[in-house]
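The values are calculated or read from the model by the stated rules, or taken from the named source; none is laboratory data. Source: prediction; values computed, not measured. All Cβ positions, even for glycine, are placed from backbone atoms using ideal geometry, and neighbour counts span all protein chains on display. Accessible surface areas use protein heavy atoms only, side chains included; no ligands, DNA or RNA. Shrake-Rupley method; radii C 1.70, N 1.55, O 1.52, S 1.80 Å.
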Amino acid sequence: MMLVKEEQDKKKGELSYLNGEIIRVEGLNAWYGKNHVLKDINISINSNCVTAIIGPSGCGKSTFIRCLNRLHELVPDARVEGKVLLDGVNIYDEGIDPTEIRRRIGMVFQKPNPFPNMSVKDNVLAGLKFSGMKDRKKLDEVLRSCLEKAFLWDEVKDKLDLSGASLSGGQQQRLCIARALAVEPEVLLMDEPCSALDPTATAKIEELIISLKREYTVVVVTHNMQQASRVADYTAFMYLGKIIEYDKTTKLFENPREELTERYITGKFG
Amino acid sequence: MIKRKIYDKLFLFFSVAAFLVAVVPLFSIIAYVVSNGLSVINLSFLTEDPSATGVGGGIANSIVGSFVTVAIASLVGIPIGIAAGAYISEFRSERYSRVVRFVSDVLLGVPSIVTGILVYSLVVLSLHTFSALAGGIALGLIMVPIVTITTAESMAFVPNSIREAAYALGIRRIRVVAIVISNAKGGILSGILLALARASGETAPLLMTALGSQLPFSGLLKPVNTLTLFIFNSATSGNPPLVSQAWGASLVLLLIVLGISLGVRFIAKGRYRYL
Amino acid sequence: MKLNEKYLKYFLTAFASFIPFLLALYFIAIGKDSLLAFQKFGISFFLGSTWNPPREIFQVFPEIMGTLVSSAIALLISLPVSIGLAIFLSEFCPRRFSDFLGSIVELLAAVPSVVYGFWGLAVFVPYFLYPVENFLKENLSFIPLLSSNDGITGYNMLSSGVVLAIMIMPIMSSVCRESFLYVPSSLREAAYALGATKSEVIRKAVIGYAKQGIAASVFLGFGRALGETMAVTMIIGNALQFSYSLLMPSQTLASLIANQYAEAIGEIAISSVIAAGFTLLVISFIINFAARIILRRMRLRGSELI
């Protein structure tokens with residue numbers, strides 16, 4: 001079921017050749033207590049493109065991206081082994097500050113989670129303000145540019161002082177994206193960002209994801225295969241804590257190498 | 001079948017009767033305090049110190065004393081309570097956190113007069129004087145478990161997604177805790193008010209710490225009167241003018257304490273129904 | 001960096017550690033100052049009946065009994081009323097209405113105990129309890145518990161038990177009510193489906209299921225009543241001798257402390273007052289510990305705070 005090692009290396013080589021690798025995961029294992037949820041993950045993620053992680057629920061895809069920004073370890077009893085190299089440096093090395101990593105690798109969650117007691121403006125600027133940025137002019141610039149990048153500026157420019165919780169679900173999710181962008185990350189992780197949204201809001205977020213890859217590397221977890229095929233350049237299929245197949249999206253959906261992948265994308269299970 | 005129906009009616013009757021038995025004392029207390037107290041309260045009652053003869057004059061020194069002791073109590077109880085509550089909530093996976101939570105629950109049940117004795121033996125005996133400071137510390141120790149538990153409960157109530165959102169922005173844990181606290185501030189405030197209401201109404205721990213006094217407030221290291229001590233001493237004095245002043249002081253105290261309690265319900269908007 | 005994380009944890013842990021420290025302090029500091037009395041009187045401190053400052057004899061048997069008996073009277077009265085009230089609020093009253101009425105009952109818990117005491121002293125005892133007790137004495141004095149050689153004043157064990165019952169009712173009924181709310185509706189429905197009437201459903205399904213909650217309310221109410229000082233001091237009559245009659249003035253550990261601390265002059269007298277406090281601490285600690293164990297198992301939230 002696993003890719004043959006050399007084949008995988010070859011694959012990796014090809015992909016990095018195309019776009020330049022930004023994250024490389026080597027031998028990543030993760031546990032919740034005694035529950036072994038990620039088993040020897042090896043993958044290379046390319047910069048300035050959208051990588052989708054698909055798979056049935058419980059396959060470990062959320063856990064996987066939570067290992068990329070060291071969020072997994074915050075769960076009690078959770079444990080990680082292996083390497084995640086960001087620009088060649090292992091983020092799990094002794095002496096690496098996880099908060100620094102989390103600024104470079106931002107995250108958007110399944111359910112929109114704006115800080116309910118903060119205004120739209122404070123939400124966007126929360127990351128900067130809580131790390132001591134005080135330059136008002138800079139803050140105002142960031143506010144506008146991030147809301148514009150998140151396609152939200154026109155809708156909220158008159159509501160900047162309203163509570164973040166007063167926006168619609170789709171707007172809240174874009175607010176969360178703007179908030180993540182404000183700390184100037186290199187990579188943006190998205191954990192099923194549309195699963196709590198209606199189709200219109202979903203379409204808007206998908207459009208946004210595609211536009212973001214000009215400046216950022218996006219890794220998006222989804223259980224919606226159409227979504228993956230619409231937005232992603234590369235797609236990885238995960239099953240039972242392992243990466244079964246990882247390839248260009250078109251290739252993976254049209255001509256999968258693994259039988260398991262084919263059965264999943266044709267809807268035979270999951 | 002008829003017997004069973006009669007039984008049903010009896011049950012309803014019994015429970016309605018229990019309800020009436022429960023609320024009649026409340027209305028009786030409020031009615032007596034208001035009707036006896038209202039005629040006593042006027043500006044000079046609230047702003048004058050007791051007269052030297054012991055009759056006439058007002059309760060200004062007691063109001064000041066209550067305020068001072070509760071303020072000292074807040075300085076002791078609120079920071080410790082919030083920090084301990086934050087620890088219980090944010091490190092709840094640790095065994096020690098559960099121990100602290102359990103001990104806070106047990107502390108809640110320590111009789112307040114025992115707290116008075118503790119402060120008597122630690123503070124009064126070592127300073128060789130009854131004092132406003134000792135009274136305030138005693139009330140503060142009573143506030144600690146209340147603030148701790150309400151803080152821990154309302155912080156635990158903040159959804160984990162808020163914490164994750166903050167961590168994912170690269171915000172440091174100390175600030176994440178601050179964000180959680182600010183999201184729980186309604187509940188924490190309710191807890192503080194609840195503790196303030198409790199402290200303002202306490203008498204027993206003040207008997208052997210603040211002692212009570214006829215004189216105006218004159219410093220933290222001097223005995224001081226509070227509303228509750230005034231009520232106790234005057235009510236049991238058997239001296240009719242003093243007893244009627246005690247009704248006036250009771251009305252003032254009841255307004256403060258019930259006002260705070262209603263405030264808690266208003267802030268919590270039913271979410272912390274029991275706090 | 002990582003140091004920052006650790007400091008936060010140390011900082012919060014240090015504050016949190018104040019709480020176990022405080023519990024230890026209660027036992028150590030109060031225990032230390034009680035030592036003199038315990039050494040001097042030994043076991044007779046608990047079993048003897050004399051409290052005589054001029055002769056420097058200090059024993060608290062009547063006060064221990066007074067504490068337990070007045071709290072037991074309070075429970076006997078408060079438990080049925082609390083259960084009845086909780087049934088009324090959770091089973092007979094529409095939900096919206098019941099929250100409002102429940103809040104009113106809980107407001108009773110916010111009334112300071114010195115105000116309860118004052119109301120008891122000036123209103124409830126002379127106008128209500130005294131006539132009732134006088135009637136009991138006239139007609140039932142063949143019962144030793146209600147006997148009295150001479151006239152009664154109304155300021156006695158029975159009266160303070162009744163006032164304590166009023167004071168602990170809010171906490172008891174709100175714990176009962178909360179545990180009734182936890183009874184799964186499937187259980188109620190199942191009982192109705194078997195053709196049970198409302199009263200049968202309440203007795204078998206609701207009260208049966210919520211037994212633990214009722215037990216917890218008993219322990220909490222008992223713990224509250226044991227340590228209650230002001231109202232008892234103002235109503236119990238503060239007699240230093242032991243009496244079998246509930247209509248005679250009496251004393252509890254808490255009221256003893258409130259009455260005697262001012263007159264305690266000399267090491268042994270002070271130590272004895274503190275030792276009475278230590279005794280009260282131990283009794284209430286045992287009761288509260290038991291209550292918390294039950295409550296924890298039930299995972300009730302909040303109602304015990306009022």
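Filter segment C:81-98 for residues that are at the interface with chain B (Cβ under 7 Å from one of its Cβ atoms) and either open to solvent by 10 Å² or more (accessible area, probe 1.4 Å) or among the β-branched types (Val, Ile, Thr) (or both) and give the result.
Listed by number, the residues that qualify are C:81, C:87, C:88, C:92.
Pairs only if they're at least six apart or on different chains, beta carbon under 8 angstrom, first in segment A:57-80 and aromatic (Phe, Trp, Tyr), second not in a loop (DSSP other than H, G, I, E, B); list them, first residue then second.
Listed pairs, sorted by first residue: A:64/A:28; A:64/A:30; A:64/A:38; A:64/A:41; A:64/A:53; A:64/A:221; A:64/A:238.
Of all residues in segment C:166-223, which are small (Gly, Ala, Ser), within 26 Å of the chain's Cα centre (by Cα) and assigned to a loop (DSSP other than H, G, I, E, B)?
Start the filter on segment C:166-223 by keeping residues that are small (Gly, Ala, Ser), which leaves C:173-174, C:179, C:185-186, C:190-191, C:193, C:195-196, C:199, C:205, C:208, C:210, C:213, C:215-217, C:221, C:223.
When the remaining residues are screened for being within 26 Å of the chain's Cα centre (by Cα), the result is C:173-174, C:179, C:208, C:210, C:213, C:215-217, C:221, C:223.
Residue satisfying the conditions is C:210 alone.
Among the residues of segment A:42-67, write down those that are under 12 Å from residue A:25 (Cα atoms) and open to solvent by 20 Å² or more (accessible area, probe 1.4 Å).
The one that is under 12 Å from residue A:25 (Cα atoms) and open to solvent by 20 Å² or more (accessible area, probe 1.4 Å): A:42.
Which numbered condition in (1) open to solvent by 20 Å² or more (accessible area, probe 1.4 Å); (2) facing chain C (nearest Cβ under 8 Å) is the only one that residue B:214 fails?
Looking at each condition in turn, residue B:214 falls short on (2).
Return a yes/no flag: does segment B:42-50 have any residue that is surrounded by 20 or more Cβ atoms within 10 Å (Cβ to Cβ) and either more than 11 Å from chain C (Cβ to nearest Cβ) or touching a residue at least 12 places away in the same chain (Cβ under 8 Å) (or both).
Yes, segment B:42-50 contains at least one residue that is surrounded by 20 or more Cβ atoms within 10 Å (Cβ to Cβ) and either more than 11 Å from chain C (Cβ to nearest Cβ) or touching a residue at least 12 places away in the same chain (Cβ under 8 Å) (or both).
Within segment B:141-169, can you find the residues that are facing chain A (nearest Cβ under 10 Å) and buried (at least 24 other Cβ atoms within 10 Å of the Cβ)?
B:165, B:166, B:168, B:169
Within the set of pairs 6 or more residues apart or between chains, which connect a residue that is within 13 Å of chain B (Cβ to nearest Cβ) and closer than 20 Å to residue C:84 by Cα inside segment C:178-200 to a residue that is of a type in the set (D, E, K, R) and part of a helix (DSSP H, G or I) with Cβ atoms less than 6 Å apart?
From residues that are within 13 Å of chain B (Cβ to nearest Cβ) and closer than 20 Å to residue C:84 by Cα, the pairs are C:197/B:4; C:197/B:8; C:198/B:8; C:199/B:8.
Regarding residue B:34, is this residue closer than 20 Å to residue B:218 by Cα, touching a residue at least 24 places away in the same chain (Cβ under 8 Å), part of a helix (DSSP H, G or I) and of a type in the set (Val, Ile, Thr)?
Considered against the rule, which asks whether it is closer than 20 Å to residue B:218 by Cα, touching a residue at least 24 places away in the same chain (Cβ under 8 Å), part of a helix (DSSP H, G or I) and of a type in the set (Val, Ile, Thr), residue B:34 comes out as no.
Determine, yes or no, whether residue B:118 is under 20 Å from the mean Cα position of the chain (by Cα) and either under 17 Å from residue B:191 (Cα atoms) or modelled with pLDDT of 90 or more (or both).
Yes.
In segment C:1-33, which residues are among the small types (Gly, Ala, Ser), facing chain B (nearest Cβ under 9 Å) and open to solvent by less than 60 Å² (accessible area, probe 1.4 Å)?
Step one: of segment C:1-33, the residues among the small types (Gly, Ala, Ser) are C:14, C:16-17, C:24, C:29, C:31.
Among the residues that remain, those that are also facing chain B (nearest Cβ under 9 Å) are: C:14, C:16-17, C:29.
Listed by number, the residues that qualify are C:16, C:17, C:29.
Say whether the condition of being open to solvent by 60 Å² or more (accessible area, probe 1.4 Å) and on the phi > 0 side of the Ramachandran plot is met by at least one residue in segment A:213-232.
no
List the number of the failed condition for residue B:129; all other conditions in (1) surrounded by fewer than 24 Cβ atoms within 10 Å (Cβ to Cβ); (2) part of a helix (DSSP H, G or I); (3) more than 10 Å from chain C (Cβ to nearest Cβ) hold.
(2)
Please verify whether segment A:47-64 includes one or more residues that are within 14 Å of another protein chain (Cβ to nearest Cβ) and in contact with a strand residue (DSSP E or B) (Cβ under 6 Å, 6 or more places away or on another chain).
yes
So which of B:117, B:72, B:80, B:113 is in contact (Cβ under 8 Å) with a residue 60 or more places away in the chain, within 7 Å of another protein chain (Cβ to nearest Cβ) and open to solvent by 10 Å² or more (accessible area, probe 1.4 Å)?
B:80
Yes or no: segment C:33-53 includes at least one residue that is closer than 24 Å to residue C:238 by Cα and of a type in the set (Val, Ile, Thr).
yes
Identify, from the list C:189, C:228, the residue that is farther than 30 Å from residue B:2 by Cα, of a type in the set (Asp, Glu) and open to solvent by 10 Å² or more (accessible area, probe 1.4 Å).
Going through C:189, C:228 in turn, just one is farther than 30 Å from residue B:2 by Cα, of a type in the set (Asp, Glu) and open to solvent by 10 Å² or more (accessible area, probe 1.4 Å): C:228.
Within segment C:203-225, identify whether any single residue is farther than 19 Å from residue B:109 by Cα and of a type in the set (Val, Ile, Thr), and answer yes or no.
Yes, segment C:203-225 contains a residue that is farther than 19 Å from residue B:109 by Cα and of a type in the set (Val, Ile, Thr).
Specify which of the listed residues (C:259, C:238) is on the phi > 0 side of the Ramachandran plot and open to solvent by 10 Å² or more (accessible area, probe 1.4 Å).
Answer to the check: C:238.
Out of the helices (runs of 4 or more DSSP H) lying entirely within segment C:39-151, which hold 2 or more residues that are at pLDDT 90 or above, in contact with a Ser or Thr (Cβ under 6 Å, 6 or more places away or on another chain) and of a type outside the set (Gly, Ala, Ser)?
C:61-87, C:113-119
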